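What follows is a set of notes on a single structure, which appears directly below.
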Amino acid sequence: MQLSFPLDDDPLLPKVRARLRAGAGPCRDEPRRDPVSQLVRSMLGSKTRDEVSIRAFEQLHGRYPSWDALRQAAPQRIERAIWMVNHAARKAEQLPQALRMIVARSGGLALDFLADLEEEAAMRWLGDLPGVGPKIAASVLNFSTLRKRELVVDTHLLRVGERLGLLPAKPDYEAGHNGLMRLVPEGWTADELYELHRLIKSLGQTVCTVRAPACDRCPLQDLCPRRGC
Ligand code: SF4
């Protein structure tokens, strides 16, 4: 099927948000982690289901209550605490590397200074850390106590965005993040982007699933060029 892609001022994204919000109601905020804790949590969560990565995060934090201790830990020991996540060996290497790099570049193990940077500069700063792509960088900025105006684009947002024609075919995380951020109206706040992430992710987990999208009960079916495909 030939899809046409929306212009930047296409009103489809606000309609999607309004429709999902009408069905789900306003989304409740959750307790926020400090940005370094959110970085660790998000790195563990890459390509791993939430319930598994939350368990790994709690186990890791139990063994290393201070992230400074994690910074100095041997990867083999870290891997034993996070064995349940996908790519555990690679993450066990990258976690202390990223923490060491934060200290080397900023002089301390904290990321609160990112609050003073423009969003794009903060995304670039985080993106230079090992193992940190646009999804993890945006989650540090938007999900943590920083509450910055970035949309976290995960696999659910990529899939739903592609099916709705908001994104081109097979977008990677960078194209997905940049493509959806271009469609976000200027007035939307950080908390509204947090809510948008939660609304679309929930649709992707329950209705617009990978193998069997339930278009007949999708609240977006009249907006979607891929309904029923
Ligand atoms: S109509 Fe179908 S393909 Fe389109 S967003 Fe809804 S579930 Fe996904």
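Screening the stretch 13-130 for helices (runs of 4 or more DSSP H) wholly inside it with 3 or more residues that are modelled with pLDDT under 95 and under 22 Å from ASP172 (Cα atoms) returns no ranges. Residues in the stretch 171-184: is at least one outside any loop (DSSP other than H, G, I, E, B) and touching a His at 6+ places or on another chain (Cβ under 9 Å)? No: zero hits.
For beta carbons closer than 6 Å, sequence separation of 6+ or different chains, a first residue in the stretch 194-216 that is over 11 Å from ARG21 (Cα atoms) and a second that is among the small types (Gly, Ala, Ser) and within 9 Å of the ligand (Cβ to nearest atom), the qualifying pairs are VAL207/ALA214; CYS215/GLY228. Entry remark, the stretch 215-229: residues being outside any helix (DSSP H, G or I) and more than 6 Å from the ligand (Cβ to nearest atom) number 4 in total. For the stretch 190-214, the set of residues classified as of a type in the set (A, V, I, L, M, F, W, C), crowded, with 21+ Cβ neighbours inside 10 Å and near the ligand (Cβ under 8 Å from one of its atoms) consists of LEU203, CYS208, listed by residue number. Here the condition is being over 22 Å from ARG32 (Cα atoms) and not assigned by TED's automatic domain parsing to the domain that holds ARG21; of PRO134, PRO171, PRO130, it holds for PRO130 alone.
The values are calculated or read from the model by the stated rules, or taken from the named source; none is laboratory data. Since this is a predicted model, take the numbers as computed values, not measurements. As a convention, Cβ positions derive from the backbone with ideal geometry for all residues, glycine included, and neighbour counts pool all protein chains shown.
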